[in-house]
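Right, one structure below, let's go through it.
All of the numbers you see were taken from the coordinates with simple rules; none came from a lab. Values in this document were obtained by computation on a predicted structure and should not be read as measured data. Neighbour counts are summed over all protein chains in view; Cβ atoms, including those assigned to glycine, are modelled from backbone coordinates with ideal geometry.
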Amino acid sequence: MAVERLSADEVEQVLAELSEWTLREDGLAIARKFKFRNFSEAWGFMARVALVAEKQDHHPEWSNVYNRVSITLTTHDAGGLSERDAKMAKAIDRLV
Ligand code: H2B
C-alpha cells in the first residue's frame with residue numbers, strides 16, 4: 001500500500017502539535033506513555049484505542065503493565081512515520 005513517509009520538516013510540524021509524544025531515537029516512530037488509576041482503566045483505554053485502530057486500519061505497537069500503557073506509532077507500509085501516525089496520535093489524545 002502506498003503510504004508516504006513524512007519528511008524531516010513534516011515530522012517536526014507533527015511533533016509541534018503532539019506535545020505529549022516523543023520521537024524515537026531512530027526518528028521512525030513516536031511514543032507516549034500513559035498511567036491510569038488501575039488496570040481496569042488502562043484496559044478500558046486500550047479497548048477504546050483498539051476500536052480507533054480498527055476504524056483507521058492503523059495499529060499501535062503497545063504494551064501494558066498493570067496501570068501503565070506504552071504506545072508506539074509507526075507506519076510499517078511506509079517504513080517510518082506517516083500522516084496516519086499523526087492522525088492516530090491525535091485520536092488517542094482525544095480519548096484521555
Ligand atoms: N498499522 C500500522 N501501524 N502500520 C501499517 O503500515 C499498517 C497498519 N498497515 N495496519 C495496515 C494495517 C495494512 O497492513 C492493511 C492491509 O491495511
In segment 6-96, which strands (runs of 3 or more DSSP E) lie fully inside it and hold 2 or more residues that are away from the ligand (no atom under 16 Å from the Cβ), surrounded by 18 or more Cβ atoms within 10 Å (Cβ to Cβ) and without any contact (Cβ under 8 Å) to a residue 60 or more places away in the chain?
-> none
Apart from one, (1) within 16 Å of residue 5 (Cα to Cα); (2) touching a helix residue (DSSP H, G or I) at 6+ places or on another chain (Cβ under 6 Å) all hold for residue 78; the odd one out is (2)
